[in-house]
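The values are calculated or read from the model by the stated rules, or taken from the named source; none is laboratory data. Only a predicted model underlies this, so the values are computations on that prediction, with no experimental measurement involved. Glycine gets a Cβ as well: all are built from the backbone with ideal geometry, and neighbour counts include every protein chain shown. Side chains included, ligands, DNA and RNA excluded: accessible areas come from the protein's heavy atoms. Shrake-Rupley method; radii C 1.70, N 1.55, O 1.52, S 1.80 Å.
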Amino acid sequence: MSLDVSPQLLAEAENGAVREEDFMETVRTSLPYAYELIARLAAELRSGTAEFADNQTPPPSERERGQLLRALSSDAIRGSLERHFGVALAFQNCHRVAVFPPGARSGETHTRFTSTRAQILNQSPELRDC
């Protein structure tokens, strides 16, 4: 299961729309590694002059890797993280996530990062089973 959904949030969903803040709090508490990593990268992007900020350090364990994969493979979670932190997310492998300014999606740097060439160049035997 990706998220630890409280009975209150489940009732909210059963009765209609879910407040974004409530969903994001569930993401934060259910997937703390992924949330904190993206929070750190978003802060790094805002405080620097680089076109994007990315993580190249593997997660400390498979548990954290699983959190990151669950967060980025869900459209709802990924979209909420993007809106919450005001970034566009890009993901290359089992741990290389990057944050870009939202308007960068069609730009040269984002396009290069998300290209098939970049994906191939970012592979190694260590990443085959991640």
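Numbers for the structure displayed
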read-out: Residue count, segment 71-91 (criterion: surrounded by 12 or more Cβ atoms within 10 Å (Cβ to Cβ), in a helix (DSSP H, G or I) and among the polar types (S, T, N, Q)); value: 1
read-out: Residues satisfying the stated conditions in segment 1-21, i.e. part of a loop (DSSP other than H, G, I, E, B) and not hydroxyl-bearing (Ser, Thr, Tyr); value: 1, 3, 4, 5, 15, 16, 17, 18, 19
read-out: Selected residue (only one of 98, 53, 43 is more than 26 Å from residue 13 (Cβ to Cβ), in contact with a Leu (Cβ under 8 Å, 6 or more places away or on another chain) and modelled with pLDDT of 95 or more); value: 53
read-out: Residues satisfying the stated conditions in segment 4-23, i.e. touching a residue at least 40 places away in the same chain (Cβ under 8 Å) and open to solvent by 60 Å² or more (accessible area, probe 1.4 Å); value: 20
read-out: Residues within segment 48-70 that are of a type outside the set (A, V, I, L, M, F, W, C), open to solvent by less than 100 Å² (accessible area, probe 1.4 Å) and part of a helix (DSSP H, G or I), tallied; value: 5
read-out: In segment 24-40, the residues that are in contact with a helix residue (DSSP H, G or I) (Cβ under 8 Å, 6 or more places away or on another chain) and open to solvent by 40 Å² or more (accessible area, probe 1.4 Å); value: 28, 32, 33
read-out: Among the candidates 36, 25, residue that is within 20 Å of residue 6 (Cα to Cα) and in a helix (DSSP H, G or I); value: 25
read-out: Residue 43 being out of contact with any Lys or Arg (no Cβ under 8 Å at 6 or more places or on another chain), closer than 22 Å to residue 95 by Cβ, of a type in the set (Gly, Ala, Ser) and surrounded by 13 or more Cβ atoms within 10 Å (Cβ to Cβ); value: yes
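Here is a yes/no grid of residues against (1) acidic (Asp, Glu); (2) touching a strand residue (DSSP E or B) at 6+ places or on another chain (Cβ under 7 Å); (3) in contact (Cβ under 8 Å) with a residue 60 or more places away in the chain:
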position: 31; (1), (2), (3): no, no, no
position: 63; (1), (2), (3): no, no, no
position: 67; (1), (2), (3): no, no, no
position: 76; (1), (2), (3): no, no, no
position: 89; (1), (2), (3): no, yes, no
position: 93; (1), (2), (3): no, no, no
position: 103; (1), (2), (3): no, no, no
position: 107; (1), (2), (3): no, no, no
position: 113; (1), (2), (3): no, yes, yes
